[in-house]
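> Before anything else, here's the structure in question.
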Amino acid sequence: SLYLLSLLLPLLSPAAPISPAEPISQAYSLALYMQKNTSTLLQTYLQYQGSPFSDPGFSAPELQLSSLPPAAVSFRIWHALDDVERLSRGQEAFLALSQHLQLVGDDQSDLNPGSPILLAQLATARLRAQGLLGNMAAIMTALGLPIPPEEDTLGLVPFGASAFERKCRGYIVTREYGHWTDRAVRDLALLKAKYPA
Amino acid sequence: MMDVSLCWRPPAWTVGEKRMRTAPTLRRLLSALTLLHVMVQVNSQKRGALRDLKCTTNNLQVWDCAWKAPLGAGHGTVNEVCIDDRLHSCYPLEKGNVKIPALPPGDHEVIVNYLHGFNGSSAKFILNEQNVSLIPNTPEILTLSADFSTSTLYLTWDDRSCAFAHHSKVTWEIKVLRTPRMELVNVVTYNTTLHGRDTVHYWRWTSDLPLQCATHYVGIRCYLDHLHFAGPKEWSAWSPLMNISWAPESEAKAFPQDKVVLVGSNITFCCVSQTKVLSGQIGKTFYPLIHLYGQNVAIHIQNISVSENSGTNVVFMIEDNVCGTVVFAGYPPDVPQKLNCETHDLKDIICNWNPGRPTGLVGPRNTNYTLLDSFSGKSVTFKRFETLTNESYQLLFQMPPHQEIYNLTLTARNPLGQSESAILVNITERVCPHTPTSLKVKDINSTVVTLSWHLPGNFARINLVCQIEIWKPNSKQELNITIKGVENSSYLVVVDKLNPYTTYTFRIRCSTEPFWKWSKWSSGKRHLTTEAIPSKGPDTWREWSSDGRNLIIYWKPLPISEANGKILSYNVSCSSHEEVQSMSEILDPQHRAELQLVKDDYIISVVAKNSAGPSPPSRIASMEIPNDDLTVEQAVGLGKKIRLTWPPDPNVTCDYVIKWCNSSRSEPCLMDWKKVPSNSTEAVIESDQFRPGVRYNFFLYGCRSQGYQLLRSIIGYIEELAPIVAPNFTVEDTSADSILVRWEDIPVEELRGFLRGYLFYFQKGERDTPKMRSLETGHSDIKVKNITDTSQKTLRIADLQGKTSYRLVLRAYTDGGLGPEKSMFVVTKENSVGLIIAILIPVAVAVIVGVVTSTLCYRKREWIKETFYPDIPNPENCKALQFQKSVCEGSNALKTLEMNPCTPNDVEVLETRSIIPKIEDTEIISPVAERPEEISEAEPENHVVVSYCPPIIEEEIANPAADDAGGASQVVYIDVQSMCQPQARPEDEQDIDPIVGAGYKPQMRLPINSAVEETAAENDADSTAGYRPQANVNTWNLVSPDSPRSTDSNSEIVSFGSPCSVNSRQFLIPPKDDDSPKSNGGAWSFTNFFQNKPND
């Protein structure tokens, strides 16, 4: 079977890279679609966490997770990023996000087991993050860039967290999911302009 | 964005379980506070009294006495202490105190010998046990640990310090202190009994303030209550304090974390922080901060309310961060309600219950339930994360084999507590079987089937009671059967007494004995039973054809209950005494057969056949026994039924047959028949085919051994109705005073009932007279004859008046009501004698009058001439301006209505003198006067010939008049003489009529008494503005010419309807000043009329 695999591999990864425009366009469409739902996810999430999370206008930007790279970046740095950095940072973030969304889903099935809407939205967001991850990998393949290996971003962190920590964690994850989606839309728009169809 | 990060590491705390190193000063202070000495009364001896002598013991074995040396003597000077007992034992004195073995009760003299200083002197005192204090050794804490998650302190120590005192009671006192001010948080006492062994004691205490919030210290002392010790007992010294503290992290944290509390409880939260805490809130509500030590703060909430699913958030805002925790406030589980356990199959027990009040806790904190059977010791657990709302909880408990009685206890647990409910069941009495499935039906024969079904479960030890529901068309039957339960779930029963060839629907449900619950009904199973031979032969009748040569056999299809299957054919055979003559097979849909018979005495038999076989034959004799005395009777039904009765006839041996048919049908006629037993004397015939108002013939046959005899013939109606036609009648003969009328019968179909008579009405009257309509109103002039003899066909009406028109009306009636009427007008003949007299007398009178008048006129001819025909006529004698009765009489409606064509007539005016003023009037006032040249041309003429047209047809006149008022070439001029002419010869109606009808119509017929007509005339005047007499001829007809108003010349109305013009009275009564009535084309209106009225 090894022999067979070695025969198949060249077929699966053709030497001539396909045009990156199509995967970029697909990823861009997905990111735009995700962008429409991120605020809903955040609002739904907060609504189920009780006051003060559910209070109107709740915001705690000072809360951050060390395991999740923040989306905020200065414009100068962001603009100076090359394609590899841009894509790999996005990939890293969405990989972390998809893992964290899984964690948040588990947390919420403890805290809010009777809230299928919230659980479904978290699951959907995770699937979309994974989808965008796949699209970004396709872009990198098309551009002939190496795909970074998947890492366990969560590590040993989460299990003993208190309910309050879980709530905060979920808040940060859903918030950063929105920020990263916004950033991905801009990243991909930039790439789209760079690699027109 | 601030890049301050929180570290989300799990709490990596360790219990600081190190013994406290108390400062020496503190220790001294504590000793001073707690160490109590009882002063022993010392009997001071001769030289040098002992000061502050104290004796204590901590083990009852050794007494430890100490005192202060007498003034001037040091301890070093004492070398021994001797007790004055039997042994006179002496103990060296050590360091100012002396340990003496415990002495027996009673006073003992103790001698203290001084070696130096006092010259060998000694001091004495009396020592008694009562003067020795029992002070146990200071206890020692073995361990102090904490469960921070529950804020609980765990303390262990042993009773080594008091181990000597077997069976004595020890009271331990434990104190808890808390930083920062070492305030005493809690003091508890704890009693134990000593058992001589070195026992370790445990004590647990839960702090209201989370242990992380402050350092907690614990100390312990004891009090030994020794029964056999007579001296005073005192508390031991406090043990060294031990503490529990939380190693704070760099990040602020709030405590307690994820705590589950009872709704309504009081709880304190704290935030352990290195930086300043700004506020604390629970949910939305802010609480005052209680400062602990450092930057640590706490908030206290009383009577916490139930949390939402994700808990109540407690949040402390720190300068650049937040710290928070979640508390879950809920209820302990309610007692499970309506616990009910039953089984479907004796394999599993299913228990249902209602959780009762919601706990408010979900997820890992949700209630879990454990169902335990105490007999078998088996248990099952129910755990769900989310709470079911309004839903019954259910647990499945697998039954151990052969166990019938269960003591089931359901325990509900959550972090706040537990509750339980129990039920003792004999499970064989709590069986609600599953729905039976796989219901199958199998034929055994046409009336017996077997039913088999599957009922899952092991019912081998009990009986099942099953209910079989058997539906057939229009009926339902339920069958209860008891069957022994089996292990393999298959059941079979036999159901009998079914009908052949019938579609049944079976369904089944089961319960157990003793009854608990029915299972659900199985789905229905349709089944058609097999065919059996028909149970009876068909109901048969026979009719001879009209020529008497053929016999027609009729039979009715068998009802489904007797056919027992699908009838395929019928066998018809006839037999005489010796042999079977013929046999024919008739296929099913046909239910008659025609046989050609040589003789008239046969027995006909009919057999119906289905697939199972032939029916028993039904036989009928062909012979018809004549009956001479047969009368036709009448009968009327009730509703849809008709009842026929007859006297009992002993000759009738087999049965009676009533056959019937519509009487209007031709022979042989048969609609249906009915057989009744020979002993009955009446029959009620009912058929859907019966219609009201239709005559039916009923024939009653009696069956004798040889054949059938027609016994009665009856005509009848189900319901009688009124005739739908009137009888046709004619006048046979008319005389001056009588009429002979003859009428015809009404056909049976139109009579619709038994004819009960005629009503004949007659009345004076002519055709088209409207008031001749109603007969029913009982006018006195209507005469009615009721002819009840229905055979009567003529009627002579006498005592009539001659030459009079009569209206004759004839109607027939039945019990159903009166038929329509037919009427006729007949004029009786003239009475000839009377006529002759009536002619002769007037002629004679006329002759006489004529003679007399002629004579008189001759004699007075001069006077007459002067009076009536003067040379110069006096205009005042003309009555043209008056409506005289004579003039107006003779109005003939019919004539007025005639629409004669316009025939221009010429009127010749012979005497201009009297006419000229009239013409002037015309010229001035008439609308025609707009064209004066025409008039002026006519003026010089001596005789004016004016052609005029009687304006009968409104449109012909009105339109030209409206279009061009002055353009009417046919001017209407009034000849006064011609007006007066009718007045002069009133009797000559024939002459007047044409004038009235065809020529100028005098206005005597105007609708002067009708206000409506006034307005109509007004409209006419507006629209036409021309001369429009007879504008509304119809209404003129109705105006009575002798209306009193019509003669009143002063009346407005009359003046409006002046004899000469409808529109303008000015025509007749002209104003003298000629400028006011200026004619402006067709502008005449009522306004003009009223304005001009004062001129009259």
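> Would you please name the residue that is modelled with the lowest pLDDT, looking only at residues in the range B:691-714 that are farther than 14 Å from B:Thr645 by Cα and part of a strand (DSSP E or B)? Write out each step before concluding.
Keep residues of the range B:691-714 that are farther than 14 Å from B:Thr645 by Cα, which gives B:691-697, B:703-710.
Filter once more, keeping what is part of a strand (DSSP E or B): B:695-697, B:703, B:707-710.
Numbers: B:Arg695: 86, B:Tyr696: 88, B:Asn697: 87, B:Cys703: 86, B:Gly707: 83, B:Tyr708: 86, B:Gln709: 86, B:Leu710: 86.
By that ranking, first place goes to B:Gly707.
> Follow-up question, since we're still on this one. For A:Ser74, which of the numbered conditions (1) within 14 Å of chain B (Cβ to nearest Cβ); (2) of a type in the set (S, T, N, Q); (3) within 23 Å of A:Ala163 (Cα to Cα) fails to hold?
Unmet for A:Ser74, out of (1) within 14 Å of chain B (Cβ to nearest Cβ); (2) of a type in the set (S, T, N, Q); (3) within 23 Å of A:Ala163 (Cα to Cα): (3).
> May I pose another question? Would you point out which residue out of A:Leu119, A:Leu132 is out of contact with any His (no Cβ under 7 Å at 6 or more places or on another chain), within 11 Å of chain B (Cβ to nearest Cβ), among the aliphatic types (A, V, I, L, M) and closer than 25 Å to A:Thr40 by Cβ? Give the steps one after another, and end with the answer.
On the way: A:Leu132 fails: within 11 Å of chain B (Cβ to nearest Cβ).
Just a single option satisfies the conditions, and that option is A:Leu119.
Residues checked against (1) within 25 Å of B:Val362 (Cβ to Cβ); (2) away from every other protein chain (no Cβ under 14 Å); (3) over 13 Å from the mean Cα position of the chain (by Cα):
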residue	(1), (2), (3)
A:Ala31	no, yes, no
A:Gln47	yes, no, yes
A:Pro70	no, no, no
A:Ser88	no, yes, no
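> Could you look through the range B:641-690, keep only residues that are among the basic types (Lys, Arg) and not in a loop (DSSP other than H, G, I, E, B), and pick out the one that is nearest to B:Ile620 (Cα to Cα)?
Ranking the candidates gives B:Lys675 first.
> Which residue out of B:Ser310, B:Ser374, B:Ser379 is without any contact (Cβ under 8 Å) to a residue 60 or more places away in the chain and within 14 Å of chain A (Cβ to nearest Cβ)?
Numbers: B:Ser374 fails: within 14 Å of chain A (Cβ to nearest Cβ); B:Ser379 fails: within 14 Å of chain A (Cβ to nearest Cβ).
The unique qualifying residue is B:Ser310.
> Could you please let me know if B:Met317 is under 29 Å from B:Lys276 (Cβ atoms) and either out of contact with any Phe, Trp or Tyr (no Cβ under 6 Å at 6 or more places or on another chain) or exposed (fewer than 15 other Cβ atoms within 10 Å of the Cβ) (or both)? Steps first, answer last, please.
Values: under 29 Å from B:Lys276 (Cβ atoms): yes; either out of contact with any Phe, Trp or Tyr (no Cβ under 6 Å at 6 or more places or on another chain) or exposed (fewer than 15 other Cβ atoms within 10 Å of the Cβ) (or both): yes.
Criteria met by B:Met317.
> Which is closer than 26 Å to B:Pro514 by Cβ, touching a Leu at 6+ places or on another chain (Cβ under 8 Å) and in contact (Cβ under 8 Å) with a residue 60 or more places away in the chain, of B:Ile462, B:Ile470? Show your work before the answer.
Values: B:Ile470 fails: in contact (Cβ under 8 Å) with a residue 60 or more places away in the chain.
Matching residue, one of B:Ile462, B:Ile470: B:Ile462.
> Collect the residues in the range A:49-68 that are more than 10 Å from chain B (Cβ to nearest Cβ) and touching a helix residue (DSSP H, G or I) at 6+ places or on another chain (Cβ under 7 Å), keeping them in residue-number order. Before the answer, list the steps.
Initially, the range A:49-68 is screened for residues more than 10 Å from chain B (Cβ to nearest Cβ), giving A:56-59, A:68.
Result: A:Phe58, A:Leu68.
> A further question on this structure: Quick check on the range B:221-264: of everything there that is within 14 Å of chain A (Cβ to nearest Cβ) and in a loop (DSSP other than H, G, I, E, B), which residue is surrounded by the fewest Cβ atoms within 10 Å (Cβ to Cβ)?
Going through the range B:221-264, the residues within 14 Å of chain A (Cβ to nearest Cβ) turn out to be B:249-261.
Filter once more, keeping what is in a loop (DSSP other than H, G, I, E, B): B:249-252, B:256-258.
Values: B:Glu249: 15, B:Ser250: 7, B:Glu251: 16, B:Ala252: 23, B:Pro256: 26, B:Gln257: 22, B:Asp258: 18.
Looking at the filtered set, the residue picked out is B:Ser250.
> I need a count of the residues in the range B:780-802 that are loosely packed, with under 13 Cβ neighbours inside 10 Å and assigned to a loop (DSSP other than H, G, I, E, B).
The qualifying residues number 9.
> Checking the conditions here, which among B:Gly324, B:Gly283 is surrounded by fewer than 23 Cβ atoms within 10 Å (Cβ to Cβ), facing chain A (nearest Cβ under 9 Å), modelled with pLDDT under 95 and within 58 Å of the chain's Cα centre (by Cα)?
On the way: B:Gly324 fails: surrounded by fewer than 23 Cβ atoms within 10 Å (Cβ to Cβ).
Checking each option against the conditions leaves just B:Gly283.
> Now for a separate question. Name the one entry in B:Lys536, B:Lys599 that is surrounded by 14 or more Cβ atoms within 10 Å (Cβ to Cβ), outside any strand (DSSP E or B), of a type in the set (Lys, Arg) and at negative phi. Give the steps one after another, and end with the answer.
Values: B:Lys599 fails: surrounded by 14 or more Cβ atoms within 10 Å (Cβ to Cβ).
Within the list B:Lys536, B:Lys599, the selection yields B:Lys536.
> Then there is this: It is to be established whether one or more residues within the range A:100-116 are more than 14 Å from every other protein chain (Cβ to nearest Cβ) and surrounded by 21 or more Cβ atoms within 10 Å (Cβ to Cβ).
Pass one, the range A:100-116, residues more than 14 Å from every other protein chain (Cβ to nearest Cβ): A:101-102.
Subsequent filtering for residues that are surrounded by 21 or more Cβ atoms within 10 Å (Cβ to Cβ) retains A:101.
Looking for residues that are more than 14 Å from every other protein chain (Cβ to nearest Cβ) and surrounded by 21 or more Cβ atoms within 10 Å (Cβ to Cβ), one finds at least one in the range A:100-116, hence yes.
> Can I ask one more? I need the strands (runs of 3 or more DSSP E) fully contained in the range B:111-198, keeping only those with at least 2 residues that are within 30 Å of B:Ile83 (Cβ to Cβ) and touching a Gly at 6+ places or on another chain (Cβ under 7 Å).
B:132-134
> When you scan the range A:175-182, do you find a residue that is touching a His at 6+ places or on another chain (Cβ under 9 Å) and not in a loop (DSSP other than H, G, I, E, B), even just one?
Here is the first cut: in the range A:175-182, the ones touching a His at 6+ places or on another chain (Cβ under 9 Å) are A:176-177.
Restricting the remaining residues to those that are not in a loop (DSSP other than H, G, I, E, B) gives A:176-177.
Scanning the range A:175-182, I find at least one residue that is touching a His at 6+ places or on another chain (Cβ under 9 Å) and not in a loop (DSSP other than H, G, I, E, B), so the answer is yes.
> Would you point out which residue out of B:Lys472, B:Lys476, B:Lys517 is within 30 Å of B:Gln403 (Cβ to Cβ), of a type outside the set (S, T, N, Q) and either crowded, with 17+ Cβ neighbours inside 10 Å or at pLDDT below 95 (or both)? Explain how you work it out, then say what you get.
Values: B:Lys472 fails: within 30 Å of B:Gln403 (Cβ to Cβ); B:Lys476 fails: within 30 Å of B:Gln403 (Cβ to Cβ).
None of the others qualify; the one that does is B:Lys517.
> Next question. Can you name the strands (runs of 3 or more DSSP E) wholly within the range B:271-386 that have at least 2 residues being over 28 Å from B:Thr150 (Cα atoms)? First the steps, then the outcome.
On the way: elements: B:277-282, B:285-287, B:297-301, B:312-318, B:321-330, B:337-343, B:348-354, B:368-373, B:379-383.
Qualifying strands (runs of 3 or more DSSP E): B:337-343, B:348-354, B:368-373, B:379-383.
> Would you say B:Val277 is more than 9 Å from chain A (Cβ to nearest Cβ) and modelled with pLDDT under 95?
On the way: more than 9 Å from chain A (Cβ to nearest Cβ): yes; modelled with pLDDT under 95: yes.
Considered against the rule, which asks whether it is more than 9 Å from chain A (Cβ to nearest Cβ) and modelled with pLDDT under 95, B:Val277 comes out as yes.
Quick grid of which residues meet (1) modelled with pLDDT of 90 or more; (2) in a helix (DSSP H, G or I):
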| site | (1), (2) |
| --- | --- |
| B:Leu808 | no, no |
| B:Val826 | no, no |
| B:Glu830 | no, no |
| B:Val833 | no, yes |
| B:Ile836 | no, yes |
| B:Val851 | yes, yes |
| B:Cys857 | no, yes |
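> Run down B:Thr268, B:Thr275, B:Thr312 and say which single residue is within 24 Å of B:Thr215 (Cα to Cα), of a type in the set (Ser, Thr, Tyr) and either buried (at least 16 other Cβ atoms within 10 Å of the Cβ) or in contact with a His (Cβ under 6 Å, 6 or more places away or on another chain) (or both). Break it down stepwise before answering.
Values: B:Thr275 fails: either buried (at least 16 other Cβ atoms within 10 Å of the Cβ) or in contact with a His (Cβ under 6 Å, 6 or more places away or on another chain) (or both); B:Thr312 fails: within 24 Å of B:Thr215 (Cα to Cα).
Among B:Thr268, B:Thr275, B:Thr312, only B:Thr268 is within 24 Å of B:Thr215 (Cα to Cα), of a type in the set (Ser, Thr, Tyr) and either buried (at least 16 other Cβ atoms within 10 Å of the Cβ) or in contact with a His (Cβ under 6 Å, 6 or more places away or on another chain) (or both).
> Moving on to the next point. Hey, B:Asp781 hits all of (1) more than 17 Å from B:Ala722 (Cβ to Cβ); (2) modelled with pLDDT under 80; (3) of a type outside the set (Gly, Ala, Ser); (4) touching a Phe, Trp or Tyr at 6+ places or on another chain (Cβ under 8 Å) but one; which does it fall short on?
(4)
> So, one more: Spot the failing condition for B:Leu395; the list is (1) in contact with a Ser or Thr (Cβ under 6 Å, 6 or more places away or on another chain); (2) part of a strand (DSSP E or B); (3) free of Cβ contacts under 8 Å to residues at least 60 places away in the same chain; (4) surrounded by 17 or more Cβ atoms within 10 Å (Cβ to Cβ), and only one is missed.
(1)
> Then there is this: Could you check how many residues of the range B:710-749 are loosely packed, with under 15 Cβ neighbours inside 10 Å, out of contact with any Lys or Arg (no Cβ under 7 Å at 6 or more places or on another chain) and among the charged types (D, E, K, R)?
Matching residues across the range B:710-749 total 4.
The values are calculated or read from the model by the stated rules, or taken from the named source; none is laboratory data. From a predicted model like this one, the values you see are computed outputs, not experimental measurements. Using ideal geometry, Cβ is built from the backbone for each residue, glycine included, and neighbour counts are taken over all protein chains shown.
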